[in-house]
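Student: There's a structure below that I have some questions on.
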Amino acid sequence: MNTGFAGAKDGFMLFAYLTAAIVLLVGYLLGCFNGSVMVSHFVIKDDVRSHGSGNAGLTNFYRTYGAKYALGVIALDMGKTVVACLIGGFLMDLIAGDWTLGLLLAGVGCELGHMFPAFYGFKGGKGILCGGTLAWLLGWKVGLVAWGLFAALWLLSKYVSLGSVAAGISLTVSVFLFYGHNWLYTALAFVISALVIWCHRENISRLVKGQERKFQWHSGPPKE
């Protein structure tokens, strides 16, 4: 028995698991920089979570403040996801030769940070921009399915939540189909899909009851 080889292999696996944990942590910390909260606090001098649905996501931000600062929210939330996933992809590719695993691990961490930010009392958004950015990073097919479903259902029904939930679910299906039925990738994608559905559970209930609020275009805060 080559105990030296076995020991080296065990050491490498431990290092790989440690790297995966670091990727998750880095993704979570970057995810905590919630665009809606930051823009409303530092630019508008307000807290988006004190208005509307109380959610720190783009939809509630837009309904509260209009389009003027929405691009800042989009840039922050998509940008942090790109940075987190690139770091995750690089580290896991370096250690385990698996760029995609790094993207998904960082994506899970970023979603958790965005939804439950330690910096802001664990009260964040619903993760659609983060998940949508991850979808494009995973490949144009994954991104096209997710964003195509979102856009089609949103524009046809005027329900942002319906498009968001469908896009979230599509991530698991797309990863399973386009990544050779890789069960580890699919499981991580499923975690993200499940988080999106969980954060939209109240929206889903209102959709079923016909009480969900439809999207309306406007350029500024709604008049009292």
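The values are calculated or read from the model by the stated rules, or taken from the named source; none is laboratory data. Keep in mind it's a predicted model, so treat the numbers as computed, not measured. Ligands, DNA and RNA are excluded from the accessible area calculation, which covers all protein heavy atoms including side chains. Shrake-Rupley method; radii C 1.70, N 1.55, O 1.52, S 1.80 Å.
Student: Taking all protein chains in place and a 1.4 Å probe, what share, in percent, of the accessible surface of the chain do carbon and sulfur account for?
Tutor: Carbon with sulfur: 71 percent of the solvent-accessible area.
Student: If I require 20 Å or longer along the helix axis, counting alpha carbons, and a Kyte-Doolittle average no lower than 0.5, what helices from the chain are left? Use full DSSP H segments.
Tutor: Taking the DSSP H segments of the chain (at least 20 Å long, mean hydropathy at least 0.5), we get 3-31, 70-96, 99-115, 140-157, 160-178, 183-199.
Student: Using a 1.4 Å probe, how large is the accessible area of Lys68, given in Å² and rounded to the nearest 10?
Tutor: Rounded to the nearest 10, the figure is 150 Å².
Student: With every protein chain present, what is the per residue accessible area of region 1-149 (1.4 Å probe, Å²)?
Tutor: With the other protein chains kept in place, region 1-149 gives 47 Å² per residue.
Student: Lysine pairs in the chain with alpha-carbon atoms under 16 Å apart, 8 or more places apart or on different chains: how many are there?
Tutor: Pairs that pass both the separation and distance tests number 5.
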